[in-house]
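Scroll down for the structure; my scribbles are underneath it.
Laboratory data are not the source of any read-out in this text; all were calculated from the coordinates shown. If you're wondering where the values come from, they're calculated on a predicted model, not measured in any experiment. So basically every Cβ, Gly included, is an ideal-geometry build from the backbone, and we count neighbours across all protein chains shown.
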Amino acid sequence: MKKLWILLLLPLLLLQCHRRNPLDVDVSKVPVKVRIDRFDRKFYGASPAQLPALKKAYPLLFSSDVPDSVWAAKMQDTLLLKLKHQVDSVYPDNRFITKQLTGVFKHVKYYYPRFRVPLTITLFSDWDYTKRSLLADTLHFLFIDNFLGRNNSVYAGVPRYIARTMTPRHLAVFTAASVAEQKVPYPQTHTLLNKMIYYGKILYLTRAFVPQVPDSILLGYSATKMKWAEENEANIWLYFLDNKLLYSTDPKLDTRFLDLSPFSKFYAGIDNQSPGMIGRYLGYRIVQAYMRRTHTPVQALARKPADEIFRQSKYKPE
């Protein structure tokens, strides 16, 4: 009877081993100290009389081309003060931010031991969702107003496919992505395939820095769109092959398959069902296949040539 139970359980144990995320590494002993400077509170909680002191303390954040009257007006702007109220309600202290950044930077340092944890300065992007997280040497600029929750009233005019990514859960993802973007050089040959693999590398590294995050959050897809991408992966790949898109340098393909958008553009009836940036998704899947087959160290991925990754991945979705 005991042997029978072992035989019955063996397939389940093998399946669990197969499903185990190889990027879910133990970082508990990686030393990291996160420092957060809430500039957003200092600026919007100050009076115009305090502006000179702020400019002296944060010279990088104040352009000399902008007169003081503009900065003073921003301090007292009704809409920006409403935004401050929302930010303060979601992030009344730094505990959540610290926890998220600690997780990201521990994983970065695990793979890149020489990585220096930057000072994080929180800012407002003033509803500019293209600015989320930016690394500049020893500084990390985190635009905190982009992570208030998809249904927050301040996002009333933001398209739903973008607002979906404006949650506290995405704070770690965009921070991790800003680190990954610094590691991966942009391809010199601008074929669609090279750019797909470029974005695939960034997504893979981002996932390495936030390994617990599901692919839907990583890619910014809804559950429905994520399922569509997974179920139609082979058909999408055949479309790219049949239309000879992989080695095309047509810049219009970026807007169709790589750029942020509500859906990808096959110019067919399926367009509205598809998620945007489907080319990035395929690039991510190619990189995943390559890493599974070659067991390349994560820190070596960034500079691997795209043609080598594609060839050795033997990518062929079923």
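Computed quantities for the displayed model
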| quantity | calculated |
| --- | --- |
| Considering residues of the range 172-189 that are polar (S, T, N, Q) and in contact with a Leu (Cβ under 8 Å, 6 or more places away or on another chain) only, the residue surrounded by the most Cβ atoms within 10 Å (Cβ to Cβ) | Thr175 |
| Qualifying residue in the range 59-72 (condition: free of Cβ contacts under 8 Å to residues at least 24 places away in the same chain, aromatic (Phe, Trp, Tyr) and out of contact with any Cys (no Cβ under 9 Å at 6 or more places or on another chain)) | yes |
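Residues checked against (1) among the hydroxyl-bearing types (Ser, Thr, Tyr); (2) touching a residue at least 40 places away in the same chain (Cβ under 8 Å); (3) more than 19 Å from Leu142 (Cβ to Cβ); (4) touching a Leu at 6+ places or on another chain (Cβ under 8 Å):
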site: Leu79; (1), (2), (3), (4): no, no, yes, no
site: Asp88; (1), (2), (3), (4): no, yes, no, no
site: Pro92; (1), (2), (3), (4): no, no, no, no
site: Arg95; (1), (2), (3), (4): no, no, no, no
site: Tyr110; (1), (2), (3), (4): yes, yes, yes, no
